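Heads up: the structure comes next, in structure tokens.
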Amino acid sequence: MKSSTNHLDATDRRILEELQRDASLSNVELARRVHLSPSPCLARVRAMEASGLIRQYVALLDAGQLGLHLNVFVSISLRQQSRKALQAFEERITLREEVMECYLMSGDADYLLRVAVPDMPALERFILEQLSPIAQVEKIRSSFALKQVRYKTALPLEPT
């Protein structure tokens, strides 16, 4: 692997593509798929882990099978946008398991959350018991995902 993660070679890209497709691959199988011997393949993977390019390995679960049938996008506007107010909101929101993603935004809302909950009563509890009591929150708007058209976790990797 080259010294900068911005300059991955073709082999590094193939390794990352394969790991994004299936992170449970053994090193031997990964090496076979990218046409390397196991030792250099493992060295490349370890280097990408050490650099932080590969942050972690996870199992992707089916939300519906876990009873999480609502995927809701919640826009949050704060009363003020001071560093202290933003930090306080972020500290509170990162403690909530139902919050799958949270982004500081430009535009009309300050934050956009993606929340996974089983049903409307659970969403109502989340809004009334978790979001509304946060002193910095001024406005809450929710949009429901009717259908998931595309969902992916693999990042696009630029060709060399």
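The values are calculated or read from the model by the stated rules, or taken from the named source; none is laboratory data. These numbers come from a predicted model, not from an experiment. Positions of Cβ are generated from backbone atoms using ideal geometry, with glycine treated the same way; all protein chains shown enter the neighbour counts.
Count of the range 105-144 residues, restricted to those that are at pLDDT below 95 and surrounded by 13 or more Cβ atoms within 10 Å (Cβ to Cβ), is 2.
Residues in the range 7-14: is at least one within 21 Å of the chain's Cα centre (by Cα) and not hydrophobic (A, V, I, L, M, F, W, C)? Yes: one or more hits.
Filtered by the rule that a residue be of a type in the set (Lys, Arg) and outside any loop (DSSP other than H, G, I, E, B), the range 108-160 gives 114, 125, 139, 141.
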